[in-house]
Ligand code: B1M
């Protein structure tokens, strides 16, 4: 962005904008990687009574979708998208306590990570927040997690669910490596395996032997709750 435009940006009073204009401005600010403005816009929307989910979806996730299109088309490059990701995280940090706050009963424990070779973590972090909000205990392993990392975490944390994220077509096959290794060790049926990430779909999830594909963070919560109730139902039926 040119200096003049940056100057113009400084002059915008975010609080004076209508909701619609503010959200549009936040899309621009996310595009330009302006973390302070995104934090301010997020606070303003919450102050106007927007709930965390609506703020997340309409202001932040939609803004990142626009960034993704121009990244794909070669208009934005990695350093710029890193700035956008930083701005997105500034907004998410404000929403985190709201999305994770929960009086829900403990639903189960999940070990969650982005697979080896992949450093995308925005979607995974959202999934972690939403699961925490729904009453799950989340052990977030972070990015670039190898099969050995997952196995060590399973041993240490004894979760009910393993969640894997991949954003690249080149890293999504690594999810199968983790699942196959669990099977080789006779551990596959001990865990519910959920997978997610933009390039995945149901078909891929089935093909690699996962229990379910989660399209987004909200569906990850629904599916995790559903899978846990099936599991508890079958354990009860077995007298476990
Ligand atoms: Co990357 N990148 N990137 N990138 N990046 C994509 C994924 C890409 C689609 C962009 C594009 O070309 N349009 C493309 C992949 C193409 C492909 O594989 N076919 C791509 C590429 C190519 C790359 C690099 C290779 C670029 C390069 O270096 N030349 C490189 C790879 C680095 C690596 O990982 N080894 C790279 C790097 C980066 C940045 C570091 C700059 C940055 C990441 C910063 C970060 O995450 N901290 C980045 C970003 C930001 C993106 C885009 C623009 C946005 C991703 C995002 O955060 N989306 C992305 C384009 C896009 O996806 N449209 C792109 C918002 C987020 C809320 O959605 O992550 O889909 P998402 O998560 C959703 C669901 O998928 C689901 O729920 C989430 C919340 O609703 N979900 C789960 C995700 N994980 C789940 C796990 C679950 C359940 C649900 O477990 C149970």
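The values are calculated or read from the model by the stated rules, or taken from the named source; none is laboratory data. A quick note: this is a predicted structure, and the numbers were derived from the prediction, not measured. As a convention, Cβ positions derive from the backbone with ideal geometry for all residues, glycine included, and neighbour counts pool all protein chains shown.
Determine, yes or no, whether residue 143 is more than 18 Å from residue 108 (Cα to Cα), within 11 Å of the ligand (Cβ to nearest atom), without any contact (Cβ under 8 Å) to a residue 40 or more places away in the chain and surrounded by 15 or more Cβ atoms within 10 Å (Cβ to Cβ). Criteria met by residue 143. Tell me which residues, restricted to the stretch 69-81, are touching a residue at least 12 places away in the same chain (Cβ under 8 Å) and either near the ligand (Cβ under 7 Å from one of its atoms) or surrounded by 21 or more Cβ atoms within 10 Å (Cβ to Cβ) (or both). 81, the sole residue that qualifies. Residues in the stretch 192-222 that are farther than 19 Å from residue 159 by Cβ, near the ligand (Cβ under 6 Å from one of its atoms) and at pLDDT below 95: 216 alone. Is there a residue being near the ligand (Cβ under 10 Å from one of its atoms) and touching a residue at least 60 places away in the same chain (Cβ under 8 Å) anywhere in the stretch 103-113? Scanning the stretch 103-113, I find at least one residue that is near the ligand (Cβ under 10 Å from one of its atoms) and touching a residue at least 60 places away in the same chain (Cβ under 8 Å), so the answer is yes. Of the residues making up the stretch 114-131, those that are more than 8 Å from the chain's Cα centre (by Cα), at pLDDT 95 or above and either under 15 Å from residue 91 (Cα atoms) or within 9 Å of the ligand (Cβ to nearest atom) (or both) number 5. What do you reckon, is residue 91 within 20 Å of residue 15 (Cβ to Cβ), within 14 Å of the ligand (Cβ to nearest atom) and in contact (Cβ under 8 Å) with a residue 40 or more places away in the chain? Yes; evaluated as a whole, the condition is true for this residue.
From the list 225, 193, 178, the lone residue that is closer than 18 Å to residue 111 by Cβ, in contact with a helix residue (DSSP H, G or I) (Cβ under 7 Å, 6 or more places away or on another chain) and touching a residue at least 40 places away in the same chain (Cβ under 8 Å) is 178.
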